[in-house]
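Here is the structure we will look at, set down as structure tokens.
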Amino acid sequence: MTSLTSVSDDLTFALSNRHFSYVFGVTPEGHLENIYYGGALSDPLNAPLHYRRITRHAATIFEDSPNYSLSDMPQDYPSSGRSDYRYPAVGGVNADGNSVFSLAYVSHRTVLEKPALPDLPSARGGGSESLIVTLEDALQKLRVELIYTIWEDYGVIARSAQFENFGEGDIQLHQAFSTALVFPADAYDIQHFHGTWSREFNEERIAVPQGRFVVESARGTSSAAHSPYVALLQKGASETQGRCYGTTLVYSGNFSIQVETGEFGNIRLLAGINPTNFRWLLKAGTRFSTPEALHGFSDKGLGGLSARWHDFIRDKLSPARFKDRPRPTYINTWEAAYFDVTEEKVLALAEKAAAIGIEMLVLDDGWFEGRKDDQSALGDWRADRVRFPSGIPALAAKVKAKGLKFGIWFEPEMVSPNSQLFKAHPNWILHVPGRKPSLGRNQLTLDLSRTEVQDYLFTALDDILSCGDIDYVKWDMNRNMTEVGSGALPPNQQLETAHRYMLGLYKLLGRLTDKYPEVLFENCASGGNRFDLGMLSFMAQGWVSDMCDPIGRLPIIGGASYLFPMDVLAAYIGPSPNHQNGRISSIRTRFNAGAFCAARGVSLSEAEIDAHAAEIRDYMAFAKETAGDMLGGRFYRLKTTETETLWQYVTADEATVYLAYFHILSAPNLPFRRAYFTGLDPLADYKLEEDGEIYRGDALMQSGLPLPQVSTGQSSSKIRYMPDGDFSSHLFVFRKT
């Protein structure tokens with residue numbers, strides 16, 4: 001491997017591979033100056049500066065440096081109070097009681113082993129180099145190590161910061177961002193994703209405004225309201241063209257990503273822990289690590305940026321042991337029984353599952369002691385003795401004896417006020433003195449910053465998982481945090497609670513996944529309320545939304561696909577009429593909406609399973625046959641309008657091409673539609689499975705494939721029809737010959 005990092009005699013630093021170059025240097029004053037971030041340069045150490053020291057009238061000059069104002073200079077990690085009036089990456093109250101910090105370069109070193117972040121998930125090293133630059137505030141005895149990691153084969157750079165108080169007085173951190181980027185003055189758009197329960201990942205694209213644009217969460221989770229992802233796009237960037245810069249975090253708690261246009265036009269991006277309601281007491285001799293931030297770049301548009309993210313997430317973040325392991329088809333007990341679930345019903349459902357070719361049964365909510373509705377028993381993780389007299393290990397063995405795998409649902413982080421756990425340990429919840437705790441879904445949040453809570457949950461889950469017959473765990477989380485305080489912390493550290501909670505959660509997940517490496521964990525939080533790279537570092541797949549209506553789910557999967565590969569998504573055929581929006585749709589469209597997700601299954605009433613058994617059996621056979629195809633492939637968003645969605649998926653070996661077409665609302669006398677493929681071998685032939693017709697790759701890309709006509713009257717045998725009208729879909733499968 002050729003060196004990925006280089007340093008000049010005048011302390012210019014370059015991280016560069018075939019995908020991008022990132023260049024910054026040290027000014028005579030000791031500040032880090034961002035020089036360049038973009039496409040790969042042949043000589044990055046000599047990249048031209050885009051900042052010039054000139055007279056800025058009414059600008060405050062740093063110390064006695066002529067024409068040098070920090071409010072103009074593109075700092076790679078800005079501090080506060082020294083002629084820069086923009087939002088800082090680091091700020092707080094120092095030992096003298098003021099908020100002025102001034103970081104200057106001290107040293108640097110390069111390491112081949114990627115440093116681990118204490119108690120935090122982060123991307124895996126390997127084929128990588130890390131540049132560690134040390135800054136210090138000599139007056140306040142604050143040291144900051146900035147870690148930059150680059151990989152040989154990926155268009156992603158990782159950044160984090162580690163703080164150390166090497167003085168004798170305490171420092172109170174208020175802002176401790178993981179990263180800062182600077183973009184020269186130009187016209188950019190911001191792409192971000194917003195939503196709520198069952199409407200996650202709605203894409204919005206707006207021009208970068210004057211002032212500061214912020215997406216953040218103060219809910220204790222990364223949240224469905226604002227996904228922890230922002231992309232800065234060259235004006236006019238499309239799916240295939242334009243420079244695109246994406247930023248996200250390997251973190252599942254309160255975050256903030258800020259884009260600020262300065263008075264002279266350059267743009268500062270900050271990403272890290274949300275400073276709202278955050279403080280960290282950095283006592284003398286202690287350290288603090290920020291979550292890892294990731295930046296992706298592509299000059300080939302949004303599709304190119306997605307490809308960068310997908311490769312990186314599946315290879316360097318998602319659990320490696322499941323990377324190439326096809327996911328089993330599954331049936332979930334929720335829509336079949338809800339809370340009225342019993343051992344007898346589970347075994348009967350297992351019989352139906354086996355009959356329609358499903359590979360795994362998942363026991364959802366309602367199985368534990370006293371759990372008859374959503375108002376009781378969370379925290380008491382023991383099987384209900386009346387409804388499950390044999391216990392969960394015995395039930396798992398019985399299900400597996402029928403030829404199925406067995407999975408189970410937990411919501412470990414919450415507790416019901418009406419539970420044995422809460423009665424025994426009322427101080428184990430997040431709470432503040434004198435305030436009555438708010439309820440969310442009739443439950444409270446356990447204080448995972450406390451070691452005894454982590455130990456209790458580990459033991460409770462371990463007692464069930466240790467039977468050896470549990471193949472899958474659905475890890476749910478159904479409320480946001482309120483009254484965020486801990487009975488285990490003193491008053492001057494209460495604002496550390498939310499972050500300490502995340503550290504405790506990660507510790508618990510690490511213990512469980514280390515002990516049970518063969519158990520497939522799925523991340524769920526009322527759907528996509530905590531769908532992020534922190535959770536996916538422990539769990540190979542996630543439930544992106546509770547929206548199971550296929551038309552409602554299309555923009556959710558489409559939005560999530562800008563960052564997440566299909567490898568980490570799960571989907572199932574849900575009920576119709578749909579429980580979230582009442583829409584009626586076919587089994588075909590319900591399956592096709594999740595056809596490219598790695599995990600595919602069914603959650604239906606027994607009556608609906610019986611009514612559509614033959615059709616469901618065919619789709620589950622297709623899902624089982626193609627399970628390996630849905631790992632490592634390339635996903636393309638070909639078209640998205642109010643009436644149509646068109647997706648393409650090419651398998652990792654490029655041997656199979658899938659095309660999914662969704663027609664949303666019908667109308668008479670519609671024009672003929674075509675699908676223009678991308679990413680094919682132009683000289684190869686592709687055979688369409690359904691009729692054996694052969695198409696040349698360049699013809700599919702340049703001339704396109706005629707799409708089915710939506711019409712109730714079929715007048716020609718040479719035209720494909722979708723007679724369902726509204727909410728129709730068609731899935732094409734091509735084999736490269």
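The values are calculated or read from the model by the stated rules, or taken from the named source; none is laboratory data. Note that this is a predicted model, so its numbers are computed, not measured. Cβ placement follows ideal geometry from the backbone for every residue including glycine, while neighbour counts extend to all protein chains displayed.
Those residues that are crowded, with 16+ Cβ neighbours inside 10 Å and in a strand (DSSP E or B), I need them from the range 686-707; list them, please. Those that are crowded, with 16+ Cβ neighbours inside 10 Å and in a strand (DSSP E or B): Tyr686, Leu688, Tyr695, Arg696, Leu705. Check the range 631-644 and report whether any residue there is surrounded by fewer than 13 Cβ atoms within 10 Å (Cβ to Cβ) and either farther than 27 Å from Ile556 by Cβ or charged (D, E, K, R) (or both). For the range 631-644, residues surrounded by fewer than 13 Cβ atoms within 10 Å (Cβ to Cβ) and either farther than 27 Å from Ile556 by Cβ or charged (D, E, K, R) (or both): present. Of all residues in the range 226-249, those that are in contact with a helix residue (DSSP H, G or I) (Cβ under 9 Å, 6 or more places away or on another chain) and of a type in the set (Val, Ile, Thr) total 2. Go through the residues of the range 4-22 one by one and say whether even a single one is free of Cβ contacts under 8 Å to residues at least 40 places away in the same chain, buried (at least 21 other Cβ atoms within 10 Å of the Cβ) and out of contact with any Pro (no Cβ under 7 Å at 6 or more places or on another chain). No; the residues of the range 4-22 include none that is free of Cβ contacts under 8 Å to residues at least 40 places away in the same chain, buried (at least 21 other Cβ atoms within 10 Å of the Cβ) and out of contact with any Pro (no Cβ under 7 Å at 6 or more places or on another chain). Among the residues making up the range 93-145, those that are on the phi > 0 side of the Ramachandran plot and buried (at least 16 other Cβ atoms within 10 Å of the Cβ) are Gly127, Lys141.
The rows are residues; the columns are (1) of a type outside the set (D, E, K, R); (2) without any contact (Cβ under 8 Å) to a residue 40 or more places away in the chain.
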position: Glu344; (1), (2): no, yes
position: Ala348; (1), (2): yes, no
position: Glu359; (1), (2): no, no
position: Pro393; (1), (2): yes, no
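The selection criterion, being surrounded by fewer than 22 Cβ atoms within 10 Å (Cβ to Cβ), assigned to a strand (DSSP E or B) and basic (Lys, Arg), holds for Arg212.
Let's see how each residue does on (1) touching a helix residue (DSSP H, G or I) at 6+ places or on another chain (Cβ under 6 Å); (2) within 28 Å of Thr513 (Cβ to Cβ):
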| site | (1), (2) |
| --- | --- |
| Ile429 | no, yes |
| Pro437 | no, no |
| Tyr456 | no, yes |
| Val473 | no, yes |
| Gly485 | yes, no |
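Would you confirm, using the coordinates I've provided, whether Glu63 is in the same structural domain as Glu152 (by TED's automatic domain parsing), farther than 18 Å from Ser160 by Cα and either loosely packed, with under 14 Cβ neighbours inside 10 Å or within 33 Å of the chain's Cα centre (by Cα) (or both)? Yes, satisfied. Within the range 724-737, residues that are among the small types (Gly, Ala, Ser) reach partners that are surrounded by fewer than 19 Cβ atoms within 10 Å (Cβ to Cβ) with beta carbons closer than 6 Å, at six or more positions or on different chains, in the pairs Gly725/Ser666. Looking across Ala652, Ala614, one residue alone is of a type in the set (A, V, I, L, M) and in the same structural domain as Trp334 (by TED's automatic domain parsing). It is Ala614. Within the option set Lys372, Lys405, Lys323, Lys398, being basic (Lys, Arg), over 30 Å from the mean Cα position of the chain (by Cα) and either closer than 26 Å to Met477 by Cβ or not assigned by TED's automatic domain parsing to the domain that holds Glu606 (or both) holds for one residue only, Lys372. Going by the conditions given, is Ser69 more than 30 Å from Thr451 (Cβ to Cβ) and of a type in the set (S, T, N, Q)? In short, yes. The set of residues in the range 232-261 that are under 14 Å from Gly296 (Cα atoms), buried (at least 24 other Cβ atoms within 10 Å of the Cβ) and small (Gly, Ala, Ser) contains only Gly246.
Within the range 305-331, residues that are β-branched (Val, Ile, Thr) sit with their Cβ atoms under 6 Å from residues that are in a loop (DSSP other than H, G, I, E, B), at 6+ positions apart or across chains, in these pairs: Ile313/Pro565; Thr329/Ile358; Thr329/Glu359; Ile331/Ile358. Out of everything in the range 153-180 that is hydrophobic (A, V, I, L, M, F, W, C) and in contact with a Gly (Cβ under 6 Å, 6 or more places away or on another chain), what residue ends up being nearest to Arg308 (Cα to Cα)? Filtering the range 153-180 for residues that are hydrophobic (A, V, I, L, M, F, W, C) and in contact with a Gly (Cβ under 6 Å, 6 or more places away or on another chain), the one nearest to Arg308 (Cα to Cα) comes out as Val156. When Asp374, Asp384, Asp380, Asp365 are screened for being farther than 25 Å from Thr651 by Cα and modelled with pLDDT under 95, only Asp374 passes.
Name the single residue that is surrounded by the most Cβ atoms within 10 Å (Cβ to Cβ) among those in the range 419-445 being free of Cβ contacts under 8 Å to residues at least 40 places away in the same chain and more than 16 Å from Glu483 (Cβ to Cβ). Result: His425. Kindly indicate whether any position in the range 382-390 is touching a strand residue (DSSP E or B) at 6+ places or on another chain (Cβ under 8 Å), part of a loop (DSSP other than H, G, I, E, B), assigned by TED's automatic domain parsing to the domain that holds Ala611 and on the phi > 0 side of the Ramachandran plot. Checked the range 382-390: no residue is touching a strand residue (DSSP E or B) at 6+ places or on another chain (Cβ under 8 Å), part of a loop (DSSP other than H, G, I, E, B), assigned by TED's automatic domain parsing to the domain that holds Ala611 and on the phi > 0 side of the Ramachandran plot.
Counting the residues of the range 708-737 that are part of a loop (DSSP other than H, G, I, E, B) and either under 33 Å from the mean Cα position of the chain (by Cα) or β-branched (Val, Ile, Thr) (or both) gives 6. Residues that are over 12 Å from the mean Cα position of the chain (by Cα) and not in a strand (DSSP E or B) within the range 517-526 comprise Pro517, Glu518, Val519, Ser526, listed in sequence order. Counting only residues that are out of contact with any strand residue (DSSP E or B) (no Cβ under 8 Å at 6 or more places or on another chain) and in contact (Cβ under 8 Å) with a residue 24 or more places away in the chain, the range 669-701 holds 1 of them. The condition (being acidic (Asp, Glu), over 27 Å from Asn427 (Cα atoms) and surrounded by 18 or more Cβ atoms within 10 Å (Cβ to Cβ)) is satisfied by just one residue among Asp532, Asp514: Asp532.
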